1. Report yes if ILE58 is within 15 Å of the chain's Cα centre (by Cα), more than 23 Å from ALA224 (Cβ to Cβ) and either more than 15 Å from the ligand (Cβ to nearest atom) or buried (at least 19 other Cβ atoms within 10 Å of the Cβ) (or both), otherwise no.
2. With the condition kept exactly as written, say whether any residue in segment 22-45 is modelled with pLDDT of 95 or more, more than 25 Å from THR232 (Cα to Cα), more than 11 Å from the ligand (Cβ to nearest atom) and touching a strand residue (DSSP E or B) at 6+ places or on another chain (Cβ under 9 Å).
3. Go through segment 99-110 and give me each residue that's away from the ligand (no atom under 16 Å from the Cβ) and in contact (Cβ under 8 Å) with a residue 40 or more places away in the chain.
4. Looking at ALA224, ALA172, ALA259, which is the one that is free of Cβ contacts under 8 Å to residues at least 24 places away in the same chain and not in a loop (DSSP other than H, G, I, E, B)?
5. Which condition number does ILE78 fail, the rest of (1) more than 17 Å from ALA224 (Cα to Cα); (2) within 16 Å of the ligand (Cβ to nearest atom) being met?
6. Would you mind stating whether GLY51 is within 9 Å of the ligand (Cβ to nearest atom), out of contact with any helix residue (DSSP H, G or I) (no Cβ under 8 Å at 6 or more places or on another chain) and either closer than 26 Å to ALA159 by Cα or among the hydroxyl-bearing types (Ser, Thr, Tyr) (or both)?
7. Can you name the residue in segment 137-175 that is polar (S, T, N, Q) and more than 19 Å from the chain's Cα centre (by Cα) and is also nearest to the ligand (Cβ to nearest atom) among such residues?
Amino acid sequence: MEASAPLPIPQAPILLFDSGVGGLSVLSELRAQLPDAPVIYAADEAGLPYGAKSEAEIAARVSGLLGRMAERYQPRLICIACNTASTIALGMVRDVLEIPIVGTVPAIKPAAEMTRSGVIGLLGTEATMRQAYVDNLAQEFASGQRLLRHGANGLVELAEAKMRGQPVSIDAVTEQAKGLLLQPHGQDIDTIVLACTHFPLLEDELRAAIGTDVQFVHGAAGIARRIVYRTTGQAFDRSEPDKAVTTGQLDDFARLSDAFAGYGITTLEKF
Ligand code: DGL
């Protein structure tokens, strides 16, 4: 019988990784389900936006960065709180790192259970939309339904601006989302999968842009449940302050201080 891995020390953090602020939509659920877990929030702001990058670039960047972050922070678990990075690089990261990795996948399965019209919208980054990972989810869980996809990279920038306290116009959100609704059968969409972790941060604006007849679904609660499951039986000590680190410029990251403070993170550092 294989020896089981030693339990992590109680201060060992969960590393929550995204290209930017999108992971905050996951952190919010994680705090609700696991309030005592120490967290390091890691934002690859120097690499943002991932949605406009190639597969090779994202895979190399994410696996390289997570390797270095794992060495420096010794996390008990890494959550890739980013659909783009997960649908492209999850397998590679799992191959190279020995710690548990929880990924983020578009919530097509719950959407397929929720839709009544049988027409589901999938809103994510352009890179996520073209992944075989998404084709497989569609095939497995929504083969009897119509799944309309739309890559809306511009929503990432709008979510980043909103979290820096800048105003976001509904017109700008509408402009980004309209390519979904204007497709054939787009008017029949009753459920939209927010397949980018940045997008739930704009849920109010998306609702104002798209209307209240459509329901939104995303994976944050499911991801948090998965983290709870993967850390079952482990002790947590959150007496040290949590922190957020960026690969980008610290003065720009500081503009997110209020947003991070809302999640109990007041230490912002450069990675
Ligand atoms: N938050 C990322 C996601 O879930 C994408 C943001 C980006 O394009 O960098 O897909």
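The values are calculated or read from the model by the stated rules, or taken from the named source; none is laboratory data. All of these numbers come straight from a predicted model, not from anything done at the bench. Here Cβ is always computed from backbone atoms with ideal geometry, including for glycine, and neighbour counts include all displayed protein chains.
1. Details: within 15 Å of the chain's Cα centre (by Cα): yes; more than 23 Å from ALA224 (Cβ to Cβ): yes; either more than 15 Å from the ligand (Cβ to nearest atom) or buried (at least 19 other Cβ atoms within 10 Å of the Cβ) (or both): yes.
Spelling it out, ILE58 is indeed within 15 Å of the chain's Cα centre (by Cα), more than 23 Å from ALA224 (Cβ to Cβ) and either more than 15 Å from the ligand (Cβ to nearest atom) or buried (at least 19 other Cβ atoms within 10 Å of the Cβ) (or both).
2. No; the residues of segment 22-45 include none that is modelled with pLDDT of 95 or more, more than 25 Å from THR232 (Cα to Cα), more than 11 Å from the ligand (Cβ to nearest atom) and touching a strand residue (DSSP E or B) at 6+ places or on another chain (Cβ under 9 Å).
3. So the first thing to find is which residues in segment 99-110 are away from the ligand (no atom under 16 Å from the Cβ), and the list is 99-100, 109-110.
Matches in segment 99-110: PRO100, PRO110.
4. Working: ALA224 fails: free of Cβ contacts under 8 Å to residues at least 24 places away in the same chain; ALA259 fails: free of Cβ contacts under 8 Å to residues at least 24 places away in the same chain.
The match here is ALA172.
5. (1)
6. Working: within 9 Å of the ligand (Cβ to nearest atom): yes; out of contact with any helix residue (DSSP H, G or I) (no Cβ under 8 Å at 6 or more places or on another chain): no; either closer than 26 Å to ALA159 by Cα or among the hydroxyl-bearing types (Ser, Thr, Tyr) (or both): yes.
So GLY51 does not fit the description; no.
7. Looking only at segment 137-175, we keep the residues that are polar (S, T, N, Q), and these are 139, 143, 145, 153, 166, 169, 174.
When the remaining residues are screened for being more than 19 Å from the chain's Cα centre (by Cα), the result is 139, 143, 145, 166, 169, 174.
Values: GLN139: 21, SER143: 24, GLN145: 22, GLN166: 17, SER169: 20, THR174: 20 Å.
Residue satisfying both the conditions and the ranking: GLN166.
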